[in-house]
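The values are calculated or read from the model by the stated rules, or taken from the named source; none is laboratory data. Predicted model only: the values in this text are computed from it and were never measured. Neighbour counts run over all protein chains shown; Cβ positions are idealised from the backbone, glycine included. Note: areas computed on protein heavy atoms with side chains; ligands, DNA, RNA excluded. Shrake-Rupley method; radii C 1.70, N 1.55, O 1.52, S 1.80 Å.
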Amino acid sequence: MTSRYDVVVVGAGHNGLVCAGYLARAGLKVKVLERRSVVGGAAVTEEFHPGFRNSAAAYTVSLLQRKVMRELRLAEHGLRIVERPLANFLPLDGGEYLKVGGGRAATQQEVAKFSTRDAERLPRYWRRLETLADVLRGLVLETPPNAGGGFSDLLRLLKSGNRLRQLDREAQRDLLEIFTSSAAQFLERFFESDGIQAAFGFDAVVGNFASPFHPGTAYVLLHHCFGEVNGQRGAWGHAIGGMGAISEALAAEARRLGAEIECDAPVARIRPGEVALEGGTVVACRAIAANVNPKLLYLKLMEPGLLAPQLRARMEHYKCGSATFRINVALTGLPRFACLPEPGAHHGAGIILAPSLAYMDRAYLDARAAGIARQPIVEMVIPSTLDDSLAPAGRHVASLFCQHFAPDADWGARKDEAIGRILDVIEAQAPGFRQLVIGHSALSPADLERDFGLVGGDIFHGALTLDQLWAARPLLGYADYRTPLKGVYLCGSGAHPGGGVTGAPGHNCAREMLRDFGKRMR
């Protein structure tokens, strides 16, 4: 048994590092244990082909909380985030295309090519979305109330209710709709053209094994809209050096504050007061913060006899599986899209290869029926157009984020088939793309689970459905980052506010832990 710590953090993903940083900042003795040989979890930069580096899993940044960035001094540790000059580029049917970004007037002008009515309605849509995103922003760094909890939970509930009462009646109706309706239903209130519906509807299926016509997908759309880049709300950006630059900056600050971080230290079992490693070492501690999927925590790491059978049974049904397939590609040059062949026309953009909500629906239905979409949804980002540290001069790297690929498909046998279908989709829009490819790395849902502990390949640590949000994330009665085991906490994306590289669960969990230690977050 090693020396005693105040807190052991299990998992050095970005939320675990955030939690460790805040706890160490308050003067606690903190130890971080990481299974892999590097920190960062899914937010890591790796060389995947000689001379080519890229973000391995998480690949773009917006939701990372400004408060966390400021208080944990990430800029002082070298983190620099640049905004995408163009938000999205969509090749459409019939050789047409749509650009979103470059200023709201530019986007309206683009949309007007397809529908003057849609262009006129864009400002109303943006206003509504921004109002709803503000509601989320107000809740992100707050602890949800526990159902049936005590006085503090009642105060949290009243505070949240008062926030909602401040909305006008129309916004309240919109909020109810966005939590319960489909993305298609929400978008069709504003737009008639396929391209703009697809541009905004893509956010509803990112990491979500669902059709945009499914109830609840409107919330997933909103979930991707409460972020910012360098003060620009709703924008998406790139961390220079890849997503690993975020994790490295967090780790540097945690170490500066006194936290110890140990890699190659896989945890076998958790029980109150101690963490047992697979090699037999036991680390004694006063409290534990687990930055892992709730299913992994409750069903694999906690001692089985310490949990009530009904809680284990409930967690068995916790929904995981985002149907995501990630590929990084090394390129000899930039692809040229048939609809807009001039080089540089879409630099830095999220290139969405899914021209309509109907296309996204078919991809989902295919994956449900046969495991793999015949024509997958593909977003391509070429970060080397913004960051020349990722590839040799004149060469490029592309991040491919793809849906829909059933988590329970036979990935030992079908991985190459999936890669082929993804490249076919790109080749159809950018002829000659395959000839540019000199290397790649690919992560199926099974690989995401094996390499990063993402159960079912779920990038969010659990589906963002109404029964797994806010006071019900991960379970009713345990939404305040505490678990049924005294002194064991959940600080990962399986806690409120959910997935994405936000740092919010780590921040909020640290605050609750410090309260239990009789300390305040400085």
Under 13 Å from a label point 7 Å along Cα→Cβ of VAL82: give me every residue in segment 331-374 with its amide N that close. 347-349
Tilt of helix 151-165 relative to the longest C-alpha principal axis of the chain, in degrees (0 to 90, nearest 10)? 20
Residue-averaged 222 nm ellipticity for the chain, from DSSP H runs of 4+ at -39500 (n - 2.57), nearest 500: -10500 deg cm²/dmol
Links exceeding 31 Å between C-alpha atoms in this model, out of LYS67/LYS295; LYS113/LYS415; LYS67/LYS519; LYS415/LYS486; LYS29/LYS300, come to LYS113/LYS415; LYS415/LYS486
Counting pairs of Cα atoms in segment 339-448, how many percent are more than 23 Å apart? 31
According to a simple spin-label model (label point 7 Å from Cα along Cα-to-Cβ), what is the distance in nm between ASP264 and ALA428? 4.7
Ratio of Rg to Rh for the chain, alpha carbon only, Kirkwood? 0.96
Length added when fully stretched, LEU476-ARG189, from 0.36 nm per residue minus Cα-Cα: 100.0 nm
Just the accessible area for TRP411, please: 1.4 Å probe, Å², rounded to the nearest 10? 20
Overall Cα dimensions of segment 377-522 - principal axes, largest extent first, Å: 61, 37, 24
With a cap of 11 neighbouring Cβ atoms within 10 Å, and only residues DSSP puts in a loop, list the GluC sites (Glu not before Pro) found in segment 240-318. GLU278
Near the amide H of GLY234, under 5 Å away, which other amide H atoms are found, from residues 5 or more places off or on another chain, if H is placed in the peptide plane? GLY227, GLU228, VAL229
Extension gain, LEU306 back to TRP126 (0.36 nm per residue minus Cα-Cα distance, nm): 59.9 nm
Hey, what did segment 310-383 get for relative contact order, percent, Cα under 8 Å, at least 6 apart? 27
Going by Cα centres, segment 304-369 and segment 450-522 are how many Å apart? 23
Place a point 7 Å from Cα of ALA112 in the direction of its Cβ. Which residues in segment 192-211 have their backbone N less than 11 Å from it? none
Among 346-355, 222-231, 170-179, 199-208, what's the highest-first ranking by average C-beta atoms within 10 angstrom per residue? 199-208, 346-355, 222-231, 170-179
Return one number: the angle in degrees, 0 to 90 and rounded to the nearest 10, between the long axis of the Cα atoms of helix 244-256 and the longest principal axis of the Cα atoms of the chain. 20
If I measure Cβ to Cβ between cysteines in the chain, which ones have no partner under 4.7 Å? CYS225, CYS263, CYS285, CYS320, CYS339, CYS402
More than 19 angstrom apart: percent of Cα pairs within segment 180-330: 72
Over the Cα atoms of segment 278-346, what Rg and Dmax result, in angstrom? 23.0, 63
Working out 0.36 nm times the residue gap between GLN435 and ARG66, then minus their Cα-Cα distance, what length gain in nm do you get to one decimal? 128.7 nm
Run through the DSSP bridge list for the chain and note the antiparallel percent, rounded to the nearest 5. 70
So which GluC sites (Glu not before Pro) in segment 414-522 pass both tests, a DSSP loop state and at most 14 other Cβ atoms within 10 Å of the Cβ? none
Which angle between 0 and 90 degrees, to the nearest 10, do you get for helix 169-180 versus the longest principal axis of the chain when only C-alpha atoms count? 80
Beyond 25 Å, what percent of the Cα pairs of segment 1-140 remain? 53
